[in-house]
Every structure is written in C-alpha cells, then in structure tokens.
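Presented below is the structure to which this report refers.
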Amino acid sequence: LEDPTFTTTDQNGLETLSKAALLLKDNKVVAIPTETVYGLAANALNAKGILQIYATKNRPADNPLIVHISSLKMLRSLLMNEEIPQIYHSVIHKFWPGPLTILFPKSSLIPSEVTCNQETVAIRFPSHPIARALITVCGFPLAAPSANVSGRPSPTLASHVMDDLNGKIPMIIDGGQCSFGVESTVLDGLQASGPAILRPGGVTYEALISIPEMNGLRVYKKDFVDKNLENTPTTPGMKYRHYSPNAQVVLLEGNDVHSIRKLVEGEVANAVKSGNEKIGILRTTGVSDVQGECHKQEVNIKGNGIESDMDNGTMSRETIEYVLGNAERPQQVAQELFKGLRYLDEQKVDCIIVEGVSEAYEGLAVMNRLRKAATRIVREQK
Ligand code: TXA
Ligand code: MG
C-alpha cells in the first residue's frame, strides 16, 4: 500500500496550522474541520490531552475515541506488529483518505484512555485538507470525537462548535460547512464472523460491499430501544441517546413521499392539540414535487428556515420548516441533517417533526442518527 499525495501552499493557512500544532503539542484541545463533522482534537499519544477531551465534551468515560492519521507510515506505527491486516488492504486503497474508520489491534503507543481499555483502536485517515495538513504539521496522530457537548447533534459548522464549547477551548479552526455532514462509517473486520459496520456513516454499505474482502458484510442496526441490548453494545458510542436537540423529536417513517406527507399533517395537528405553539418540521423534497422546478426550489430554500403562519381556526400557531434536500439524494439530506436539527432548536420550537427517508446509501446513516435522536417514532404499516 502506498500513501496518497498531498500538498498545501496557503500561507495564512500555514500560520493557523502552526498555532494549532503548538497548542496540541502542549496537550491542549483544538476544534478542527473534517469532511464528516467538526472534531475536538488532542494528541492521541498523550493521556493528558485525551482527558481534556472527555472533560470538555462531558463525554462518558467508557466511549473510546477515533485516532486520526495523515499517512500509512503513521498508521503502521500505531498497530500491533506494525502490520495492516490483509482484510483492510483494498478498503484502505479505495476509501482512504475519507469518511471511514477502521478497527485495528493496537500497539502500546496508544494510551488506554483513547480506547477505554479495549484491545482495538479505531483509526481514520481524513480527506479534509486542513485536518490532513494539521496532523502532518504536528507529526503525531490526533484523537478526535465530534466537537459537540455529549448528546447534542454533531457540529457541521464552526458556529455549532462555538455554540457548544465557547469559552472552554482555546481554538476553533473554521473550515466552512462539512461536506458529508454525518460521521464516518465504523468498520470492524477483525471478527471471526466476518466484517461488520458498527456505525453507518459517510462511506455507504453499498460502496463497501463492492469490495471482495467485504463479502458478507453485516450492519449492526441496533438502536438500543431494548434496555438489555443497551447493556451489550457492539460499539460503546451507540448505547447513549444521541444527536439530540432540546426539542422533542418525532420521527415519521412512511412507505413513500405521499404517505409521509399525510403523517406530517397528522402529527402537526397532534402537536397543535397538545398545546405546542412553535412546531418545527424537517422536510425533504421528493419526486412528487413539481418536476423541473424541483431542483431550483432545492437550491433556493435548502438550508434556510421558511416561516409560515398556520391558522387552526381559533389560534395562530407557527410552523417552521427546514428543507434538508431531495429525498432521492440522501447525501444532501445527510449534509443538512445536524444543521437542520440545530437550526430548529435555535428557533426554540417545542417539537421537531421529521420526515424519514429510505435507508439506501447515506440514508442508512441518516435514519440511524434520527432514530437515536427521536423521542417518538411513528411508522406507517406496510
Ligand atoms: O466522522 C467521525 O468519525 C468524527 C470525526 C471527528 O472524525 N468523529 C466521531 O467521533 O464521530 P465520535 O467519538 O463521536 O464517535 C466515535 C465512535 C463511537 O461510536 C465509538 O464508540 C466508536 O467510534 N469507537 C471508537 N473506538 C472504538 C473501538 N475500539 N471499538 C468499537 N468502537 C469504537
Ligand atoms: Mg459523536
């Protein structure tokens, strides 16, 4: 396996990177952009910085961190016997750098605080130019969970990190909006039972299964509504309620766009009846929207809140819609998902009604996050 090439020439950028690297060398934490979500980074080889991460995020001590690298040489230095397991070779070649995290048997270089005493370490080679360059400038790997307060939706803008961690960390590097918008896929190829996706994310099941070594790939779909399953999670991070805005989240799962729209109407009526004054709706556009206009509409309204008054006869209630994107293009929906949840929270809505999408491609990660965020799920009978 050979390293991908990478160069950066931006002078301002280099100054920012050296400033960040100095903080990180001093075992401080720095928020950094990645192609998935913003990360809260510290030197992965020093327990002092790692403990800062847990404290800053208020993260449960049994939820291990992902280690970010910028070369395969760096990767080898972190592995037991410096060896990359054969099952990962094609996957690494095809998907790194990128939104894929892989479990490896760890070497003793990795402090137990990173892995919460597990024998495996989760490693990712990010494609974001700032993340890559920063790791290279540091010369050591960076442990980084998402840069939100634990339980909140992951940050996909620097301002989201500010909202959660302002005053608690010395530096945030602003790299604009994250292009994937949901976290990386976590892949475990070390089990005798065959490879498995522990957390769906930026690299889709459909993309991974196209690799011969991933033959028989399984997806852990546990959402841990069952309390017994909560006690035996396959990836520690998935056992907590997560990605949650302050408002109650109602997730609607229908068989097609029309039935989902019906469910939305019903839920809005319910919300009004139970006294909610401000109702948020996370919508998708779909094939049933006027063809030809559909695209233009997405571009204009995607990412903006559209406020309208809804008259229920006696009182005026406010609904605030946020359009995630085209349901047929789950990557759009994924990119806007956490931003939409945070936007509606900022509007101080009492509840958020969400139109579910199909679990194909990035939709699998979207639905996984929404089920973990939901206080209630309404499913249409098949
Ligand atoms: O895209 C991402 O992965 C982002 C960016 C910043 O890289 N990071 C991120 O980290 O989402 P975090 O901490 O929010 O999620 C890490 C996930 C958790 O579900 C954790 O339990 C799992 O990875 N994980 C970490 N180490 C593990 C291990 N050794 N075995 C099983 N799961 C592990
Ligand atoms: Mg997280």
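The values are calculated or read from the model by the stated rules, or taken from the named source; none is laboratory data. Predicted model, so just to flag it, every value in this text is computed and none were measured. All Cβ positions, glycine included, derive from the backbone under ideal geometry; neighbour counts span all protein chains shown. Accessible surface areas use protein heavy atoms only, side chains included; no ligands, DNA or RNA. Shrake-Rupley method; radii C 1.70, N 1.55, O 1.52, S 1.80 Å.
So is Val30 modelled with pLDDT of 95 or more and in contact with a Pro (Cβ under 6 Å, 6 or more places away or on another chain) or not?
So Val30 fails the test.
Evaluate the following for Asn63: is it touching a Gly at 6+ places or on another chain (Cβ under 6 Å) and within 13 Å of ligand 1 (Cβ to nearest atom)?
yes
Rundown of residues vs (1) more than 11 Å from ligand 1 (Cβ to nearest atom); (2) modelled with pLDDT of 95 or more; (3) in a helix (DSSP H, G or I), yes/no style:
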{"site": "Asn148", "(1), (2), (3)": "no, yes, no"}
{"site": "Ile169", "(1), (2), (3)": "yes, yes, no"}
{"site": "Cys178", "(1), (2), (3)": "no, yes, no"}
{"site": "Glu183", "(1), (2), (3)": "no, yes, no"}
{"site": "Val186", "(1), (2), (3)": "no, yes, no"}
{"site": "Leu190", "(1), (2), (3)": "no, yes, no"}
{"site": "Val203", "(1), (2), (3)": "no, yes, no"}
{"site": "Ala207", "(1), (2), (3)": "yes, yes, yes"}
{"site": "Glu213", "(1), (2), (3)": "yes, yes, yes"}
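If you scan region 17-51, which residues turn out to be within 16 Å of ligand 2 (Cβ to nearest atom) and more than 18 Å from the chain's Cα centre (by Cα)?
If the condition is that a residue be within 16 Å of ligand 2 (Cβ to nearest atom) and more than 18 Å from the chain's Cα centre (by Cα), then Val29, Ala42, Ile50 are the ones that fit.
Test each condition in (1) crowded, with 24+ Cβ neighbours inside 10 Å; (2) in contact with a strand residue (DSSP E or B) (Cβ under 7 Å, 6 or more places away or on another chain); (3) modelled with pLDDT of 95 or more for Tyr322 and report the one that comes out false.
So the condition that Tyr322 fails would be (3).
Taking Glu2 as meeting all but one of (1) open to solvent by 30 Å² or more (accessible area, probe 1.4 Å); (2) assigned by TED's automatic domain parsing to the domain that holds His128, write down the number of the exception.
Unmet for Glu2, out of (1) open to solvent by 30 Å² or more (accessible area, probe 1.4 Å); (2) assigned by TED's automatic domain parsing to the domain that holds His128: (2).
So which of Ala131, Ala143 is within 15 Å of ligand 1 (Cβ to nearest atom) and either open to solvent by 40 Å² or more (accessible area, probe 1.4 Å) or closer than 20 Å to Glu82 by Cα (or both)?
Ala143
Quick check on Pro126: is it in a loop (DSSP other than H, G, I, E, B), assigned by TED's automatic domain parsing to the domain that holds Asn166 and under 20 Å from Ile197 (Cβ atoms)?
yes
Residues being closer than 19 Å to Glu113 by Cβ and in contact (Cβ under 8 Å) with a residue 24 or more places away in the chain: count how many of those fall in region 24-53. Spell out how you get there, then give the answer.
Residues of region 24-53 closer than 19 Å to Glu113 by Cβ: 24-30, 39-53.
When the remaining residues are screened for being in contact (Cβ under 8 Å) with a residue 24 or more places away in the chain, the result is 24-25, 27-30, 39-47, 49-53.
Going through region 24-53 one residue at a time, the tally reaches 20.
Which residues, taken from region 57-82, are under 18 Å from Ser154 (Cα atoms) and buried (at least 20 other Cβ atoms within 10 Å of the Cβ)?
Pass one, region 57-82, residues under 18 Å from Ser154 (Cα atoms): 57-60, 63-68.
Within region 57-82, Lys57, Arg59, Pro64, Leu65, Ile66, Val67, His68 qualify.
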